[in-house]
Amino acid sequence: MSAASETPVALDERDALSHLPRDRAERDPDAEPVIRVTDLKSAFGETVVHEGLNLEVRKGEIFGVVGGSGAGKSVLLNTVIGLRTPQGGKVEVLGVDVQNATGAERETLERRWGVLFQSGALWSSLSVRENVAAPMHEHTRLSLKTIDQLSDSKLAMVGLEPRAGNLHPAELSGGMRKRAGLARAIALDPELLFLDEPTAGLDPISAEAFDTLIRNLSDALGLTVFMITHDLDSLYALCDRIAVIADKKIVAVGRIAELERSDHPWIKEYFLGPRGRAAAQSNERAEAAERTQSAKPAEPEKTTRQAAGGEEQS
């Protein structure tokens with residue numbers, strides 16, 4: 001069957017959140033880190049990927065991680081969520097030592113975080129609704145009816161109609177698979193959301209819509225977001241702070257304006273090269289449009305009858 005057409009984002013009720021401060025990390029720079037990586041070493045045989053890598057992510061921020069090909073961005077993500085054992089160092093998430101966590105601590109962590117892998121990582125033999133329901137079956141004792149209802153609610157939150165829940169991953173477009181994977185990632189109402197290249201493979205319009213969805217969900221649900229990406233538009237549109245992996249470690253952490261002033265060769269080429277300048281200009285235009293829209297006077301409130309297209313009676 002051909003891929004279904006992508007459904008528009010259905011988050012109108014959250015549009016009012018778009019005025020919230022974009023740099024939440026700036027509001028609380030002393031917030032307790034929810035992720036702390038200390039002196040991390042990652043290696044494959046004799047090939048060292050990370051050496052002495054240190055990183056902290058604050059509660060409530062959207063934190064981006066960038067780096068060149070082979071810098072170990074996904075290796076870092078997999079280590080933070082415990083899918084890979086490092087050769088040295090320590091990883092703490094939500095106050096728990098990930099590598100030395102007990103079974104009960106690990107289960108608690110998995111309830112408190114959600115993960116969207118690059119491909120969506122949906123089970124092909126299950127329907128979309130069954131994919132979203134899987135974490136609830138594993139970690140809760142809710143009734144089947146309640147789980148189905150919550151699954152449809154999560155699908156609606158990411159902009160998918162209930163009918164999409166009956167489809168299988170092969171019947172979805174790339175953008176819809178991303179949304180379904182995101183719905184599964186937020187199934188347990190997590191505090192922390194991990195995203196691995198969330199806009200990879202999407203066309204520019206779909207990628208922009210997905211960025212908006214992530215921002216709205218982050219604001220509405222109070223999420224801390226840890227995002228691996230190479231998408232400059234996403235970095236400008238979403239991230240409160242960004243960490244740069246180079247030379248096997250984090251060489252810089254800061255807001256984009258701070259990174260643009262860096263003397264590091266890779267950072268200069270990445271943010272000040274042609275694509276970086278284009279992303280910055282696109283973001284400036286988007287922010288100018290938002291300011292213009294915010295400056296417009298509010299329309300007079302309509303009565304229920306007027307909104308429905310009828311005449312208001314005196």
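The values are calculated or read from the model by the stated rules, or taken from the named source; none is laboratory data. As the structure is a computational prediction, the values presented were derived from the model and not from experiment. Note: ideal-geometry Cβ built from the backbone for every residue, glycine included; neighbour counts use all protein chains shown. Note: accessible area is taken over every heavy atom of the protein model, side chains too, but ligands, DNA and RNA are not part of it. Shrake-Rupley method; radii C 1.70, N 1.55, O 1.52, S 1.80 Å.
Structure notes:
- A cut-off under 15 angstrom between Cβ atoms defines the neighbours of residue 52, and their net charge, with Lys, Arg +1 and Asp, Glu -1, is +1.
- Pairs with C-alpha atoms separated by more than 22 Å, drawn from the list 178/249; 154/178; 90/154; 73/154, are 178/249; 90/154; 73/154.
- Neighbour-limited loop hits for trypsin sites (Lys or Arg not before Pro), region 87-153 (at most 10 other Cβ within 10 Å; DSSP other than H, G, I, E, B): 141
- Note on exposure: 245, 205, 256 ranked by accessible area (1.4 Å probe, complete protein assembly) read 205, 256, 245, with the most exposed listed first.
- In Å², nearest 10: area of residue 168 left accessible to a 1.4 Å probe: 70 Å²
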